[in-house]
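Worksheet: one structure, shown below.
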Amino acid sequence: MMSESIMLDKAKDFAVEIINMCKNIKETKRESVLTNQLMRSGTSVGANIHESKYAHGTKDFISKMQIALKECYESEYWLELLNRTGYIGEEQYKVVANNCGQIRRMLISSINTVKDNTKGE
């Protein structure tokens with residue numbers, strides 16, 4: 001599916017953005033607790049979308065996409081904490097959180113579409 005590859009590309013770009021941002025925070029502000037959590041959840045989004053391409057059936061696909069969605073929500077949480085504690089500024093926060101939100105909306109749409117298409121199966 002075309003939308004899946006667009007979503008995966010966005011998730012990979014988001015992961016790179018998260019990795020670079022966290023690396024910078026660790027180097028400049030010596031913070032590692034929040035950044036380690038964000039690194040894990042932020043890179044997991046794309047990993048689960050990637051895994052969904054090799055799912056064993058629809059239920060497995062939906063499960064992988066729902067895990068990616070949970071990781072997306074978790075990333076939003078860590079981003080907000082980093083912003084509210086002053087580790088990332090408002091501008092950077094808005095950009096990264098918006099990218100995360102775009103992926104989240106794509107995941108929700110994809111999950112709902114697959115569920116709708118498989119009703120009655």
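For the residues Met39, Met21, the requirement of being in contact with a Cys (Cβ under 8 Å, 6 or more places away or on another chain) and either polar (S, T, N, Q) or over 19 Å from Ile108 (Cβ atoms) (or both) singles out Met39.
Name every residue in region 2-35 that is farther than 26 Å from Thr113 by Cβ and hydroxyl-bearing (Ser, Thr, Tyr), in order of residue number. Answer for region 2-35, where residues must be farther than 26 Å from Thr113 by Cβ and hydroxyl-bearing (Ser, Thr, Tyr): Thr28, Ser32, Thr35. Of the residues Glu71, Glu90, Glu51, the single one that is among the acidic types (Asp, Glu), without any contact (Cβ under 8 Å) to a residue 60 or more places away in the chain, over 21 Å from Ser3 (Cα atoms) and touching a helix residue (DSSP H, G or I) at 6+ places or on another chain (Cβ under 9 Å) is Glu90.
Restricted to region 73-106, and to residues there that are of a type in the set (Gly, Ala, Ser) and over 12 Å from the mean Cα position of the chain (by Cα), the residue that is nearest to Val33 (Cα to Cα) is Gly86. Selection over region 59-97 of residues that are closer than 13 Å to Thr43 by Cα, of a type in the set (Ser, Thr, Tyr) and surrounded by fewer than 21 Cβ atoms within 10 Å (Cβ to Cβ) gives a count of 1.
Confirm whether Thr43 is at pLDDT 95 or above, of a type in the set (S, T, N, Q), at negative phi and in contact with a Lys or Arg (Cβ under 7 Å, 6 or more places away or on another chain). Criteria not met by Thr43.
For region 1-41, residues that are surrounded by 14 or more Cβ atoms within 10 Å (Cβ to Cβ) and either touching a His at 6+ places or on another chain (Cβ under 9 Å) or part of a helix (DSSP H, G or I) (or both) total 24.
When the residues of region 42-72 are narrowed to those that are of a type in the set (Ser, Thr, Tyr) and either farther than 27 Å from Arg30 by Cβ or not in a helix (DSSP H, G or I) (or both), which ends up farthest from the chain's Cα centre (by Cα)? It comes out as Thr58. The number of residues in region 42-54 being surrounded by 13 or more Cβ atoms within 10 Å (Cβ to Cβ) and either more than 19 Å from Gly101 (Cα to Cα) or acidic (Asp, Glu) (or both) comes to 2.
The values are calculated or read from the model by the stated rules, or taken from the named source; none is laboratory data. Since we're looking at a predicted model, the values are computed, not measured. We place every Cβ from the backbone using ideal geometry, glycine too, and count neighbours over all the protein chains shown.
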